[in-house]
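Below is one structure. I have some questions about it.
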Amino acid sequence: MSQDTTLESTTHVYVPRDSTALALGADEVARSIEREAADRGLGLQLVRNSSRGAFFLEPLVEVAMGSGRIGYGPVQAEDVPALFDAGFLSGGQHPLRLGPVDELPFLSAQQRFTFSRAGLTDPLSLEDYRAHGGLKGLERALGLSPEAIIEEVTASGLRGRGGAAFPTGIKWRTVLAAHGSEKYVVCNADEGDSGTFSDRMVMEGDPFMLIEGMTIAALAVGARKGYIYVRSEYPHAIDTLSRAIAAAQSAGVLGPKVLGSEHAFELEVRKAAGAYICGEETALLESIEGKRGVVRAKPPLPAVQGLFGKPTIINNVISLASVPFILAEGAAVYAGVGMGRSRGTLPLQLAGNIRRGGLFEIGFGMTLRELIDDVGGGTLNGRPVKAVQVGGPLGAYLHPDQFDVKLDYEAFAAIGAVLGHGGVVVFDDSVDLAKQARYAMEFCALESCGKCTPCRIGSTRGVEVIDRIRSGQDRARQVHLLRDLCETMVHGSLCAMGGMTPYPVLSALNHFPEDFGLAGELSDAA
Ligand SMILES: Cc1cc2nc3c(=O)[nH]c(=O)nc-3n(C[C@H](O)[C@H](O)[C@H](O)COP(=O)(O)O)c2cc1C
Ligand code: SF4
């Protein structure tokens, strides 16, 4: 059956090809729909679309009606005959019928700038991409000077979505000003943070958006070559991106004449080395150069001396994927949502023990409580939420007393936490935060690149000290030692791996002292 979504002759049925949907049985559902339609002599166009990001409803099957799409989910292969019996091809009633997909509260409450095409398009159809607003940003950028492109990105207020929230426009300006016979654009798609999947969704679901964003970045600084460094555990993303790059090349979006212009740009996908530290930008550059992923001392910044010693833009997938919208709709539209210095939208990723897990893109400013309770619906098993870790494995554990914090970089910093890449992992009251603190130190010991002592040795000593606290050996002294060790790691580590491991450790200790056997002893310990 054709993948062409422009054909209108028969009913279009959409079954996502996103990894999460596949893991939940989407391929089996698609096969079952095709088989059942053939057996019943019914014609339909099956489109393998991207995911809407409402993972709690996957596999989400959508049927195109004149008035929009009607959703059914979560669908299993064995539900398919009954769906046909219920007349789902014309929107028939069935217990799995969800109604118009656009009106589902989880989706209609979002502000989708970056994920506006999620679930709507066939990820590998450039026609579909164009039909849904794709390439408008690049077309506009081709008519602008590098300075004007960078001015637009700067005015949007976009800050790096990989974790450090550094202003993207300033980074690009540094690369533009740097001298080099070659310049590079590198996309950090290592996405190692726990509970995160927004980069993967872009690469699998809307790969042309990333290609477009990187091409605009290349125009802004005069780069002719770009690399996408993709997490090795993302085989579908690697495959989809590779096919999208080939399609973009044949269509003249990439290649010696970008959209017929005088600008050349080509892209290469690199499979990552499978280490968390290779997501750190300088270790990532080492890895692309074929070396072990060891962190480089800064300065020089990658913007000045990056890949192969040349000026390099290195940005996260979401940062680069935000750029086509900014160029197409204008910086003011992007900057028009958000709060304070956190402008635009953040694609939050709800994971862990949560009823409605998935991707939720919204302007900065919602409270964490609204996100967890109203959007996420609390825990899946109905037990009380005890803690939430935001910002990946190096992010702080937040106590319910802190849930009124707004999702904003500065508001999080003010309570000793980070938003990072927007990963939100929810834990119920059965979690032991002392065990989680131990895990943070253990993770650091396993993933440390080994270049500096506070991280390499400190993390191993950290595990030992937490073990002594947990078993009640000389507890007050060991807590003091743990705090001392964390201070050394924060101030003495070369990069955020060792520098931020104390965030989960100390937040667990400070907000959940009872899990360390410290009930009532907090003031002694602090
Ligand atoms: C240990 C460690 C792991 C990191 N992993 C990632 C990652 O997987 N993806 C990412 O985009 N940034 C990661 N970063 C942040 C990058 O070093 C860098 O700040 C980012 O790629 C810059 O892009 P941005 O400005 O668009 O955020 C990591 C940083 C550290 C210290
Ligand atoms: S903090 Fe850890 S990961 Fe970072 S440079 Fe030092 S040893 Fe390497």
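Readers should treat all values here as calculations from the given coordinates under stated rules, not as data from a laboratory. The shown structure was predicted, so the numbers you read here are calculated from the model rather than taken from an experiment. Neighbour counts are summed over all protein chains in view; Cβ atoms, including those assigned to glycine, are modelled from backbone coordinates with ideal geometry.
If you take the beta carbon distance between S181 and A251 as r and set R0 to 41 Å, what does 1/(1 + (r/R0)^6) give as a FRET efficiency, to the nearest 0.05?
Using R0 = 41 Å, I get an efficiency of 0.90.
Is any residue of the range 287-308 close enough, with backbone N under 19 Å, to a label point placed 7 angstrom from the Cα of A164 along the Cα-Cβ axis, and if so, which?
Within reach of a label on A164, which here means backbone N under 19 Å from a point 7 Å along Cα→Cβ, the range 287-308 contributes 287-289, 293-308.
Now for a separate question. Using packing as a proxy for protection, rank 106-119, 51-64, 83-96 so that the peptide with the highest average count of other Cβ atoms within 10 Å comes first.
In descending order of packing, they fall as 51-64, 106-119, 83-96.
Quick one: give the max-minus-min coordinate of the C-alpha atoms of the range 399-526 along each principal axis, largest first, in Å.
38, 37, 24
Turning to a different aspect of this structure: Jot down the radius of gyration and Dmax of the range 323-394, Cα atoms only, both in angstrom.
14.6, 45
Can you compute the label reach from A23? Point 7 Å from Cα along the Cβ direction, backbone N cut-off under 12 Å, restricted to the range 338-370.
Only 351-352, 358 pass the distance filter.
Once R0 is set to 30 Å, what does the formula 1/(1 + (r/R0)^6) return for the Cβ-Cβ distance between H132 and A413, expressed as a FRET efficiency to the nearest 0.05?
0.25
At 222 nm, what value in deg cm²/dmol follows for the chain if DSSP H runs of at least 4 each add -39500 (n - 2.57) and the sum is divided by all its residues, to the nearest 500?
Only helices count here, giving -11500 deg cm²/dmol.
Moving on. Would you kindly calculate the translational diffusion coefficient of the range 1-97, applying Stokes-Einstein with the Kirkwood radius from alpha carbon pairs, for 20 °C and a viscosity of 1.002 mPa s, and quote it in µm² s⁻¹ without decimals?
164 µm²/s
Sort the range 40-186 into rounded, prolate or oblate with this rule: let a ≥ b ≥ c be the square roots of the eigenvalues of the Cα gyration tensor; rounded if a/c is under 1.5, and if a/c is not under 1.5, prolate when a/b is larger than b/c, oblate otherwise.
Note, shape of the range 40-186 comes out prolate.
Tell me, what does the Kirkwood hydrodynamic radius of the range 309-436 come to in angstroms if you use every pair of distinct C-alpha atoms?
15.6 Å
Write down, largest first, the equivalent ellipsoid semi-axes of the range 451-526 in whole Å, where each equals the square root of 5 times an eigenvalue of the alpha-carbon gyration tensor.
That gives 22, 12, 9 Å for the three semi-axes.
Above 21 Å lies some portion of the pair distances; for the range 159-310, what is it as a whole percent of all C-alpha pairs?
Here the tail beyond 21 Å accounts for 44 percent of pairs.
For the pair Q473 and A335, what calculated FRET efficiency results from E = 1/(1 + (r/R0)^6), where r is the Cβ-Cβ distance and R0 = 60 Å, to the nearest 0.05?
0.65
I would also like to ask the following. In nm, what is the difference between 0.36 nm times the number of residues separating E147 and R97 and their Cα-Cα distance?
Roughly 12.9 nm would be gained on extension.
To the nearest 20 debye, what is the magnitude of the charge dipole of the range 382-526 about its Cα centre, counting +1 on the Cβ of each Lys and Arg and -1 on the Cβ of each Asp and Glu?
420 debye
What do you get when you divide the Cα radius of gyration of the range 231-316 by 2.2 N^0.38 Å, with N the number of residues?
1.25
Please report, for the Cα atoms of the range 109-153, the Rg to one decimal and the Dmax as a whole number; what are they, in angstrom?
Calculated on Cα positions, Rg and Dmax stand at 13.1, 37 Å.
Now a separate question. If one computes P(r) from the Cα atoms of the chain, what percent of pairs lie at distances over 35 Å?
More than 35 Å apart: 37 percent of the Cα pairs in the chain.
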